[in-house]
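The values are calculated or read from the model by the stated rules, or taken from the named source; none is laboratory data. Remember, predicted model here, so these are calculated numbers, not experimental data. Cβ placement follows ideal geometry from the backbone for every residue including glycine, while neighbour counts extend to all protein chains displayed. These accessible areas exclude ligands, DNA and RNA; they are computed on the full protein's heavy atoms, side chains included. Shrake-Rupley method; radii C 1.70, N 1.55, O 1.52, S 1.80 Å.
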Amino acid sequence: MPVASLWRIQMQEFFAKPIRATALCLFLVIGCAGVLDLFVARSMSTTYDEPQSVAYGEQILRGKPDRSDPLFNSKSPITALNAIPRLIAGFLDKGRTPPSVVRVIASIRVARLASIVAALLLNVIICRWVYSLYGAEAAVAISILVILSPNLIAHGTLANNDGYFACGVIWALFCFRRYVLHPTFWNTVVSGISLAVAQLTKPFAIYLYLVVVLLFLLTPNDKADGSPLRQRKDRFVFMAIAAVCLILMINIGFSFDRLFTPLKSYQFESKSFERLQAVPVLSSIPLPLPYPFLQGLDMLKYHDDSGLTYGKIYLRGELRDPLDPNFHNFKSYYAVAIFFKEPIAVQVLFCLGLVWIWRHRSYREFVTGEGMLLIAATILFAWFSLFRKSQLGIRNILPVVAVELIIAGAAFAGFSGRLRRAQVLLGCLVAWACLSVISYYPDEISYMNEWVMDRKQSYKILVDSNLDYGQEGDIVHEFLVRNPDVALDPEKPVAGRVLVSVNRLVGEWHGYEPMHWLLRYQPVGRVGYGHLLYVVPEQDIPHGTINSAH
């Protein structure tokens with residue numbers, strides 16, 4: 001069928017009355033997401049990771065993508081979008097623009113606008129995934145849940161690459177599914193480009209090519225035309241186009257910096273890359289990749305192994321130091337993070353979605369639909385759980401959160417045809433999720449579900465970017481101004497009112513031990529959710545009871 005005819009049919013279907021009404025609902029919901037995300041982004045102080053992310057983005061814009069700072073190890077070219085306002089502010093500062101205007105443009109909150117746009121794009125892609133798999137009713141229900149997803153809101157609106165990573169992965173998988181279902185040349189090119197663009201969001205996005213290979217192996221050949229060889233040829237063409245797109249996009253993102261540098265000329269730090277560099281044949285081959293691309297993968301591997309660029313790892317009261325030669329990570333870290341930091345109702349809907357998929361999908365439908373999502377999420381989840389030492393928070397696996405929401409959409413498939421009690425149950429689950437998330441608004445970084453009844457006890461489960469990512473700096477400062485008698489993170493035991501970051505309390509920071517002298521007391525209040533307020537009786541100091549608790 002001619003392309004023009006296909007386009008005309010698609011437009012007629014899109015503007016049909018039922019779909020038009022659904023699209024209107026989705027656009028309204030996405031509008032609400034924009035408002036909510038803006039308020040969340042505005043409420044947060046500068047987090048620990050954002051200055052380095054924006055700084056690397058500035059280097060990208062200036063055509064200097066070298067990872068000159070160890071903290072640039074996992075930073076990606078996509079953060080150049082966040083650095084654009086700061087670059088503009090630099091030009092304005094040389095003119096007659098008022099300094100107050102320049103400061104606003106250069107602020108981290110303005111830098112977050114690009115991330116908010118990406119978060120909204122992710123919302124749209126998730127809804128489009130759900131619509132294509134389960135229909136309009138499911139898409140409307142999930143659109144409500146996705147705009148109130150605490151972890152996507154919290155980390156998708158920050159000026160770093162975590163939200164971009166989730167968006168890149170889900171978009172690349174969506175485009176690849178379109179190619180699998182309709183292997184046209186256009187879909188081949190679009191999928192190849194989407195996979196390549198995803199590589200600019202985070203170094204680990206390279207795993208998407210492994211997902212593609214696995215799906216090619218699992219997807220049955222279509223023998224309807226009697227030519228399975230043609231199917232294999234199509235896949236070879238896809239991989240060739242994807243490789244070209246990868247090389248081109250990576251070079252554009254890293255400004256073609258030191259292109260065709262052979263392996264032997266790299267200054268690697270990790271043992272894995274040094275072993276690769278020692279292979280005689282490979283070491284002399286000029287690589288069609290920019291120097292900072294492999295440099296970043298090497299630095300990320302080295303720093304993950306050494307623990308030099310991140311703090312101690314904490315889970316459910318146990319603290320492990322990556323600088324300890326006997327260190328091993330928590331295999332259950334991300335399972336615990338999802339269990340406590342994703343709304344319980346969403347987890348229930350995810351399980352219901354899996355049941356629906358088991359009952360209604362054929363093997364081919366599964367592999368070309370939910371299968372690729374679950375494979376991508378499983379690989380990411382398993383790798384970070386089993387092999388990564390730097391377990392720094394649920395933000396590292398945001399694509400898994402996005403996949404969870406898409407699969408949860410299966411619970412709403414054929415919603416209008418369900419029994420009344422089933423509809424009521426599903427509606428109650430959506431309402432529960434919304435109320436749970438709103439109760440934390442706008443501090444969604446600290447969100448914990450109802451398994452944590454006393455929010456002052458959240459630190460007993462998780463800390464770091466799960467609870468205190470530096471987002472409460474402004475409200476802590478305001479509290480201290482109003483309460484000058486309060487001591488903040490004291491290095492030694494003191495009497496009176498003490499405000500302490502949960503990260504400092506449990507000893508998550510390098511060079512600090514857990515504050516055992518303070519842990520013996522129960523917090524009497526909190527500032528935000530990542531800072532706890534204690535009252536230390538003055539009589540405990542002279543008698544030495546605190547000192548003996550060290």
Filtered residues of the stretch 291-338 (kept if part of a loop (DSSP other than H, G, I, E, B), in contact with a Gly (Cβ under 8 Å, 6 or more places away or on another chain) and of a type outside the set (Phe, Trp, Tyr)):
LYS312, ASP321, PRO322, LEU323
Would you be able to say whether some residue in the stretch 307-323 is modelled with pLDDT under 95, over 15 Å from LYS389 (Cα atoms) and of a type outside the set (D, E, K, R)?
yes
crowded, with 18+ Cβ neighbours inside 10 Å and either modelled with pLDDT under 90 or under 21 Å from ILE153 (Cα atoms) (or both), is that true of GLU13?
no
LEU61: among the hydrophobic types (A, V, I, L, M, F, W, C), within 19 Å of the chain's Cα centre (by Cα) and modelled with pLDDT of 85 or more, yes or no?
no
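Looking for whichever is open to solvent by 10 Å² or more (accessible area, probe 1.4 Å), under 23 Å from HIS155 (Cβ atoms) and out of contact with any helix residue (DSSP H, G or I) (no Cβ under 9 Å at 6 or more places or on another chain) here; the options are ARG526, ARG504, ARG482, ARG497. Which one fits? Steps first, answer last, please.
On the way: ARG526 fails: out of contact with any helix residue (DSSP H, G or I) (no Cβ under 9 Å at 6 or more places or on another chain); ARG482 fails: under 23 Å from HIS155 (Cβ atoms); ARG497 fails: under 23 Å from HIS155 (Cβ atoms).
None of the others qualify; the one that does is ARG504.
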Any idea which of (1) buried (at least 18 other Cβ atoms within 10 Å of the Cβ); (2) polar (S, T, N, Q); (3) at pLDDT below 90 is the one SER227 doesn't satisfy?
(1)
Output the number of residues of the stretch 310-337 satisfying the condition of being under 19 Å from the mean Cα position of the chain (by Cα) and open to solvent by 30 Å² or more (accessible area, probe 1.4 Å).
2
Could you go through the stretch 532-550 and let me know if any residue there is closer than 23 Å to LEU315 by Cβ, in contact with a Gly (Cβ under 6 Å, 6 or more places away or on another chain) and modelled with pLDDT of 95 or more.
no
Give LEU374, LEU354 a once-over and let me know the one that is part of a helix (DSSP H, G or I), open to solvent by 20 Å² or more (accessible area, probe 1.4 Å) and free of Cβ contacts under 8 Å to residues at least 40 places away in the same chain.
LEU374
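Regarding SER191, is this residue in a helix (DSSP H, G or I), among the polar types (S, T, N, Q), touching a helix residue (DSSP H, G or I) at 6+ places or on another chain (Cβ under 9 Å) and modelled with pLDDT of 95 or more? Spell out the reasoning first.
Numbers: in a helix (DSSP H, G or I): yes; among the polar types (S, T, N, Q): yes; touching a helix residue (DSSP H, G or I) at 6+ places or on another chain (Cβ under 9 Å): yes; modelled with pLDDT of 95 or more: yes.
Yes, satisfied.
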When only residues in the stretch 398-426 that are among the hydrophobic types (A, V, I, L, M, F, W, C) and exposed (fewer than 13 other Cβ atoms within 10 Å of the Cβ) count, which is modelled with the lowest pLDDT?
LEU419
Determine, yes or no, whether ASP298 is open to solvent by less than 20 Å² (accessible area, probe 1.4 Å) and either closer than 12 Å to PRO70 by Cα or within 25 Å of the chain's Cα centre (by Cα) (or both).
yes
Any residue in the stretch 298-312 that is within 9 Å of ASN73 (Cα to Cα) and among the acidic types (Asp, Glu) sitting within a Cβ distance under 9 Å of a residue that is assigned to a helix (DSSP H, G or I) and at pLDDT 85 or above? List the pairs, counting only those 6 or more apart or interchain.
ASP298/SER272; ASP298/PHE273; ASP298/GLU274
Name the residue, out of SER362, SER332, that is of a type in the set (Gly, Ala, Ser) and farther than 21 Å from SER465 by Cβ.
SER362
Going by the structure shown, is GLY156 on the phi < 0 side of the Ramachandran plot, of a type in the set (Gly, Ala, Ser), touching a His at 6+ places or on another chain (Cβ under 9 Å) and touching a residue at least 60 places away in the same chain (Cβ under 8 Å)?
no
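Go through VAL102, VAL117, VAL54 for me and flag whichever is open to solvent by less than 50 Å² (accessible area, probe 1.4 Å), within 16 Å of ASP162 (Cβ to Cβ), out of contact with any strand residue (DSSP E or B) (no Cβ under 8 Å at 6 or more places or on another chain) and in a helix (DSSP H, G or I).
On the way: VAL102 fails: within 16 Å of ASP162 (Cβ to Cβ); VAL117 fails: open to solvent by less than 50 Å² (accessible area, probe 1.4 Å).
The unique qualifying residue is VAL54.
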